[in-house]
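Visitor: Here it is, the structure, as structure tokens.
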Amino acid sequence: MTTTVSTAVRPPTRRRVPEKAMPIVLGGGFLVLVAILWQIAVWAGLVNPFLTSSPVLIAGSLGDQIGSGLLLRSLGTSALELVIGFAMAAVVGVVMGLLMGRYRYVDYVVEPYVWLLYSAPIIALFPLLVLMFGLGSPTVVAITFLMSVIPVIVNSAQGVRNVDPKLIRTAVSFGAGETALLRKVILPASVPTVMAGLRLGVGRGLVGVVVGEFFAGDGGIGYNISFFAGHLGTTEVLASVFVVIVAGVLLNVGARKLESLADSWRTELP
């Protein structure tokens, strides 16, 4: 008696794109498609390359700026101004937000000025900042600070208000003073919300650097945009804008990583 063994042919398994890579694949794929269509429109004569440039020309301009060292120098100037302005905003914003969230009288005094600064167009303060700091990096740092400090203050204050009251009561019952309460309970519990404010602040800080350099800088990416625009260099302007976009994406990705780490750490709190 013979036994027949049936072997079922398994359909080939499809390799699925990892979930974490989907934003990169979809977003990056769309940008690549736009660049291809843009270049085809230029080659077909549908658009004027003097007005719109093209991806090939922009890539060539980036290569020239890298080769001449202009791009590296400009990135260094803008990065230094961003680090100084945002670091000041982070320190002031976190401290002020913690005080506003913890002490209501501080909130009563400071909150109107916070929302006044948030509602006021920062560019309108440009002449005043120039009179105070002059043209150059100090004014750029000041604009960066003003644009990035508000989200940090607001999120830090909200993070303190969202702390579980049970944690505070438990710490007080064990004899924790106000300083220990702030340092060991309130600040750690509000870290995820604070990180969200820092992520928003760094994006606004990058905009502040570019805007400040555009109007008052003597170097940096924003200054390059202003200089090339004044000389009708559409390709060079778009190349600088592309650098700003890439920097913004990288900053946002890094800030999201830190924010996700803070969120996972919060879940371990009792």
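The values are calculated or read from the model by the stated rules, or taken from the named source; none is laboratory data. Small disclaimer: the values here were computed from a predicted structure and weren't measured. When we count neighbours, we look across all protein chains shown, and the Cβ atoms used for this are built from the backbone with ideal geometry, even at glycine. Side chains are part of the model used for accessible areas, which takes the heavy atoms of the whole protein and leaves out ligands, DNA and RNA. Shrake-Rupley method; radii C 1.70, N 1.55, O 1.52, S 1.80 Å.
Visitor: Go ahead and run the numbers for FRET between Glu111 and Ala79, Cβ-Cβ distance against an R0 of 45 Å, rounding to 0.05. Before the final figure, lay out the partial values.
Guide: Details: r = 33 Å, r/R0 = 0.72.
Efficiency, rounded to the nearest 0.05: 0.85.
Visitor: I'd like the per residue volume of the convex hull spanned by the Cα atoms of segment 123-270, given in cubic angstrom. Walk me through the numbers on the way to the answer.
Guide: Values: hull volume 16.9 nm³, N = 148.
Given the Cα convex hull of segment 123-270, per-residue volume reads 115 Å³.
Visitor: How many nm separate the modelled label positions at Phe50 and Ser173, each set 7 Å beyond the Cα in the direction of the Cβ?
Guide: 7.9 nm
Visitor: Residue-wise, which Karplus ³J(HN,Hα) couplings in Hz belong to segment 185-193, taking 6.51 cos²θ - 1.76 cosθ + 1.60, θ = phi - 60°, and x for glycine or proline?
Guide: Using θ = phi - 60°, the values come out as 10, 5, 5, x, 6, 9, 4, x, 5 Hz.
Visitor: While we're looking at this one, here's another question. Sort Ser156, Ser68, Ser226 from largest to smallest accessible area, using a 1.4 Å probe on the heavy atoms of the protein chains. Walk me through the numbers on the way to the answer.
Guide: Working: Ser156 0, Ser68 70, Ser226 40 Å².
Largest accessible area first, the residues go Ser68, Ser226, Ser156.
Visitor: Accessible area per residue, 1.4 Å probe, Å², for segment 154-270: what's the number? Each step should come with its number before you reach the end.
Guide: On the way: 6180 Å² over 117 residues.
Heavy-atom SASA per residue in segment 154-270 reads 53 Å².
Visitor: Taking the full set of protein chains and a 1.4 angstrom probe, give the accessible area of Thr170 in square angstrom, rounded to the nearest 10.
Guide: For Thr170, the solvent-accessible surface is approximately 70 Å².
Visitor: Counting only protein heavy atoms, what percent of the accessible surface of the chain is carbon or sulfur at a 1.4 Å probe?
Guide: Numbers: 11930 of 16840 Å².
Carbon-and-sulfur percentage of accessible area, whole number: 71.
Visitor: If you don't mind, there's one more thing I want to ask. With a 1.4 Å probe and all protein chains in place, put Val106, Val209 in order of accessible area, largest first. Before the final figure, lay out the partial values.
Guide: Working: Val106 45, Val209 0 Å².
Largest accessible area first, the list is Val106, Val209.
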